[in-house]
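Scroll down for the structure; my scribbles are underneath it.
The values are calculated or read from the model by the stated rules, or taken from the named source; none is laboratory data. Since this is a predicted model, take the numbers as computed values, not measurements. Here the Cβ positions follow ideal geometry from the backbone for every residue, glycine too, while neighbour counts run over all protein chains shown.
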Amino acid sequence: MRFLKRKICEALFKLYRIRRNAVRRLILRELTKLDGGQMLSQTLRRVFREYHNIEIGLYSYGSCFEPENIAAFTRIGRYCSFADNVHILGQNHLTETKSTHPYFYNPVFGYVDRQLNRVNELSIGNDVWVGCNVTIVPSVSRIGDGAVIGAGSVVTKDVPDFAVVAGNPARLFKYRFSESTIARLKEEKWWDKNIEELQGSFPDFLGEYEAKHKQV
């Protein structure tokens, strides 16, 4: 049965080269069902890496698996949670040129021979939570590890590690933990471990983390 599933997944991966949105959406749905779901599927991640130039780390899930909403050259870490309708924009329209229309800077339309607009590369860390209806614009190059982005936010600048931001434009409300706790978590890098490796330390993930460690 596993062998058959692998063969089907491989066939779907190859079929994905068909550039029809309806076909591709169907393939993504089938791969999600066949290959362990969004959190675990290696085939889904291969599709996004090789067809869309989007890297998605293990255990991350949600609307990061909607290629029409996530720009190429986006790198997403492990254990990230994406709510519905998140948009990551890879480039702006040019404004200093005679026209803002993409005919004049995007070679896809056949009027210019090279990309004349800057394409942004965005790095999203590990254990990041992105709320519903968030938009991340091309001026952003990094969302830090452990960051939280509130629902409906428009993110216009980089977000530090473990920061909580919200609003339009998004602004810093607080950090999830103290500086010493953040330093400890960044050094520990628990997100580099697979979920099986973390099972023995699950009690550390339950309850208020910082309050529990202050008592030690």
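Computed quantities for the displayed model
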read-out	value
Condition broken by Ser60, with the remaining ones in (1) crowded, with 21+ Cβ neighbours inside 10 Å; (2) in contact (Cβ under 8 Å) with a residue 40 or more places away in the chain; (3) not aliphatic (A, V, I, L, M) satisfied	(2)
Members of segment 170-216 that are basic (Lys, Arg) and under 25 Å from the mean Cα position of the chain (by Cα)	Arg171, Lys174, Arg176, Arg184, Lys186, Lys189, Lys193
Qualifying residues in segment 167-208 (those that are closer than 18 Å to Gly144 by Cα and aliphatic (A, V, I, L, M)) - the one surrounded by the most Cβ atoms within 10 Å (Cβ to Cβ)	Ala170
Count - residues of segment 37-89 that are among the hydroxyl-bearing types (Ser, Thr, Tyr) and part of a helix (DSSP H, G or I)	3
Test: residue in segment 108-123 that is more than 16 Å from Lys157 (Cβ to Cβ) and part of a helix (DSSP H, G or I)	yes
Qualifying residue in segment 76-86 (condition: touching a helix residue (DSSP H, G or I) at 6+ places or on another chain (Cβ under 6 Å), touching a residue at least 24 places away in the same chain (Cβ under 8 Å), within 30 Å of Gly144 (Cβ to Cβ) and not assigned by TED's automatic domain parsing to the domain that holds Gly144)	no
Selection within segment 79-104 - among the hydrophobic types (A, V, I, L, M, F, W, C) and within 30 Å of Glu196 (Cα to Cα)	Cys80, Phe82, Ala83, Val86
Whichever residue in segment 74-117 is within 14 Å of Ile136 (Cα to Cα) and of a type in the set (S, T, N, Q) and, among such residues, is surrounded by the most Cβ atoms within 10 Å (Cβ to Cβ)	Thr74
Verdict on Ala151 being modelled with pLDDT under 95 and of a type in the set (Gly, Ala, Ser)	no
Given (1) surrounded by 15 or more Cβ atoms within 10 Å (Cβ to Cβ); (2) within 18 Å of Ala71 (Cα to Cα), index of the condition Gly150 fails	(2)
